[in-house]
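A.B. asks: Here's a structure for you.
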Amino acid sequence: MTDNIFILTEGAHDAAFIYKILLANGVKSHNIAIKNYPSVLKNLFMENISSVPVEEIKVDDATPKFFPHYVAKNNDSYFCIYATNGLTQNKVRDDFIKTIKSFVVSDPDEIAVGEDGDIYSILFFVDADDEGVDIRMGQIKSDLKLSFAPDSVDGIGHKEIRLIDGINIGIFVITGSDKNTGMLEDILIPLMKKDNEGIFNSVEKFLSDNTENADANRYENYKYKKAVIGTAGQLQISGCSNAVYIKKTDYMTNDKIKSDEVCNEIFSFIKQAMTC
């Protein structure tokens, strides 16, 4: 029996952060050839790759279809971490849930099992942003009602995992210090800045000096918190994306992650789906 835990995040940087939390807590990377995964995951990954005609794939697409950014393993628990690219991707979520449902043989009141006794969990991570926890929970629940009976979805609580139609479903909204609003960067930046205050103070001053009186049109896509991470990351791993900085930087050590309240809450939430 194996746990198949699918973690759906909003973006690549969120996926990298969840992956880093897992690694800090002893879960191991499992980057192997697709043919060597257990049959359920192998079939899922192959379906992801083969279901889109080659002639329809855009040249600049990083991946042709919904595909995990990372896979990790702890004993017989497999963690597949995806990025859905924003809250508007409700069809992406619905299609993925339908695919997982096709693997499940279950009684609605029993734990989900596959043909080999596999257990299935789908965990959603989203930022609270300015709207707050309740609104974000409502948005994800609205998406889930495309796939499940509305009354079964309404009962899901924040940071709670509930069995619905044989699949364990959970929602975690990431917040800042007020516990209601905020985003991933509100956790990342304090973790990275600790013990590196000189670097980050210089980065913050540089950004302030160069954007204070800048042409608004030129900086219409500027996001200060993401820019802090990207600029500081250049000093360690030049020329990469924020997701790579988050994954590889030693600004954010395992010790920092394991001593952080929110990181521990995230790992505890994920552990609820682990039976092995």
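A.B. asks: With the requirement that a residue be charged (D, E, K, R) and in contact (Cβ under 8 Å) with a residue 24 or more places away in the chain, what does the range 142-159 give you?
C.D. replies: Hits for the range 142-159 are 143, 159.
A.B. asks: Name the residue, out of 201, 180, that is within 19 Å of residue 129 (Cβ to Cβ), without any contact (Cβ under 8 Å) to a residue 60 or more places away in the chain and of a type in the set (S, T, N, Q).
C.D. replies: Step by step, each of 201, 180 is checked, and only 180 is within 19 Å of residue 129 (Cβ to Cβ), without any contact (Cβ under 8 Å) to a residue 60 or more places away in the chain and of a type in the set (S, T, N, Q).
A.B. asks: If I filter the range 209-220 for residues that are among the hydrophobic types (A, V, I, L, M, F, W, C) and either part of a helix (DSSP H, G or I) or in the same structural domain as residue 94 (by TED's automatic domain parsing) (or both), do I get at least one hit?
C.D. replies: For the range 209-220, residues among the hydrophobic types (A, V, I, L, M, F, W, C) and either part of a helix (DSSP H, G or I) or in the same structural domain as residue 94 (by TED's automatic domain parsing) (or both): absent.
A.B. asks: Here's another thing I want to ask about it. Does residue 133 meet the test of being at pLDDT 90 or above and more than 20 Å from residue 12 (Cβ to Cβ)?
C.D. replies: Taking the combined requirement at face value, the residue satisfies it.
A.B. asks: Sort through 202, 238, 259, 268 and tell me the only one that's small (Gly, Ala, Ser), over 22 Å from residue 85 (Cα atoms) and within 19 Å of the chain's Cα centre (by Cα).
C.D. replies: Result of the check over 202, 238, 259, 268: 268.
A.B. asks: Check residue 236 against each of (1) modelled with pLDDT under 95; (2) not in a loop (DSSP other than H, G, I, E, B) and name the one condition it does not meet.
C.D. replies: In the conditions (1) modelled with pLDDT under 95; (2) not in a loop (DSSP other than H, G, I, E, B), residue 236 misses (2) alone.
The values are calculated or read from the model by the stated rules, or taken from the named source; none is laboratory data. Note that the structure is predicted; figures quoted are calculated from it, not measured. Backbone-built Cβ (ideal geometry, glycine too); neighbour counts: all protein chains shown.
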